[in-house]
Amino acid sequence: MLIGRQIRATTYHDPCPITQAASRHHSLFQHEGLARQMLISLKYNHALWTVPILGDMLVEAMRVTGDDQALVMPIPMHWRRRAQQGYNPPGLLARWVARSLRVPMRARTLVRLQHKPPQQSLSREERLSNMVGCFALRGRLPRKVTVIDDVYTTGATLREAVATLNRDNIEVSAWVITQTDVSTVPST
C-alpha cells in the first residue's frame, strides 16, 4: 500500500510522525506486499535489480514534494557488516538518487561506530536501546542533508542518526522506502 507520508508539511503527504528531530520525514510504502518483498530481496538476496526501481520512486517523490537536496547520504552500515554483505542497501539507493538528481552523495561522513546485532534480530525494546551512541560525523557537511534508509520499524536507527546530525545544526530530510504499520509509530 502506497502511503507517501510526511511529517509537518501537508502539500503532498499526510502527517506521519516518524521522528521529531528531522525537518521532514517521508516513507513511500507500508512494509508489506511488493515493496516489502523487493526490500527483502535487495537486503538478503542481492537483488540489485530493485535499486533502479526503488531509487526512481524516491527521486519522483522528492521531485513531487519539492524536497531539495544539497547532499544525499545513506544510513551507514558498520564496516564489518558491509564486508560480510558486500554492500549497504541504503547506500545503493542513496547513490542512485544522488546521480539522478545530480547532487553530491557522501557515504562515509556519517559513520556507524559500533558493530551491534542486526535490528531485525531484536525485540522492540532492544531495538530502541541498540542504536544509542552508535553514530558519529567524520568531516563537514552542508547545513541541509537528505538521509536515506530502507525500512523504518521502531525509528531507533533513524532517530539516532538524525540526532547525530542535529548536534552539528544540520537540517535533515529523511526518506525511507517502507515503514511498519503507522499505528505503531509514536506520535509527536
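Within the stretch 119-152, which residues are crowded, with 17+ Cβ neighbours inside 10 Å, at pLDDT below 85 and farther than 20 Å from TRP79 by Cβ? Scanning the stretch 119-152 gives LEU122, ARG127. The set of residues from the stretch 64-101 being among the β-branched types (Val, Ile, Thr) and either out of contact with any Phe, Trp or Tyr (no Cβ under 6 Å at 6 or more places or on another chain) or surrounded by fewer than 17 Cβ atoms within 10 Å (Cβ to Cβ) (or both) comprises VAL64, VAL72, ILE75, VAL97. What about HIS78, is it at pLDDT below 95 and in contact with a Ser or Thr (Cβ under 9 Å, 6 or more places away or on another chain)? Here the answer is no, as HIS78 does not meet what is asked. Only a single criterion out of (1) at pLDDT 95 or above; (2) within 19 Å of HIS25 (Cα to Cα); (3) among the hydrophobic types (A, V, I, L, M, F, W, C) is not satisfied by ILE53, namely (2).
The values are calculated or read from the model by the stated rules, or taken from the named source; none is laboratory data. These numbers were taken from a predicted model, which means no experiment stands behind them. We place every Cβ from the backbone using ideal geometry, glycine too, and count neighbours over all the protein chains shown.
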